[in-house]
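The values are calculated or read from the model by the stated rules, or taken from the named source; none is laboratory data. These numbers come from a predicted model, not from an experiment. Don't worry about glycine lacking a Cβ; one is built from the backbone with ideal geometry, like all the others, and counts go over all protein chains shown. For accessibility, only protein heavy atoms count, side chains too; no ligands or nucleic acids. Shrake-Rupley method; radii C 1.70, N 1.55, O 1.52, S 1.80 Å.
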Amino acid sequence: MFAVAAVVIVIAAAYFFFQRPKPEPIPEPGRPIETVAPAQTAEERGDTAREMIAQLEADPDGPDFGEAHARAQDYLAEGRLADAQLLYFFAARGGYAPAAFDLATFNDPSRDETAPSLIAAPDPFQAYR
C-alpha cells in the first residue's frame, strides 16, 4: 500500500515538474503586435550621458559623482530624460546620497508632480531600494 502511494506521488510530481509551458496566445487578426520601438536618436539613447560617464570614470582621482548629479538635474530640466536617468543612476551607484534620494523620490507614489519624470509610473519597491 505504501509503495503504491509513493509511486502515485512520484508520478504526480513528475507531471507537474516536466509539464510544458503553454504557448503564448496568437494576437487577434488585425490587431498589431505590441513591440517596443528602439531608440533612434542620440538623445533617446542617452549618448551624451554615456560619454560623460566615460570621462568621469577616466579621471585619475576617481569620478566626481556630485558633478554627475548636477548634470542629471540639468538634463532633467531640459527634458533629456535618458541622459538624466543614466547620470542619476551612475551617481547613486557611486554612493552619492542626493542622487539616490532623487531616484527614490521619482519612484515615490505619494509624489504628485506634473513635471517630466524619468519613470512611467511610480514604484514603491524601487523607491524603497
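For the reader, a short list of remarks on this structure follows.
- Here 14, 68 are screened, and the one residue that is within 24 Å of residue 91 (Cβ to Cβ), modelled with pLDDT of 65 or more and part of a helix (DSSP H, G or I) is 68.
- Residue check for residue 95: part of a loop (DSSP other than H, G, I, E, B) and open to solvent by 30 Å² or more (accessible area, probe 1.4 Å): yes
- Test: residue in the range 106-116 that is open to solvent by less than 50 Å² (accessible area, probe 1.4 Å), at pLDDT below 90 and not in a helix (DSSP H, G or I): yes
- Taking every residue in the range 49-63 that is among the charged types (D, E, K, R) and pairing it with any residue that is modelled with pLDDT of 90 or more, at least 6 positions away or on another chain, the pairs with Cβ-Cβ distances below 9 Å are 57/63; 57/90.
- The range 41-65, subset outside any helix (DSSP H, G or I) and not acidic (Asp, Glu), residue least open to solvent (accessible area, probe 1.4 Å): 46
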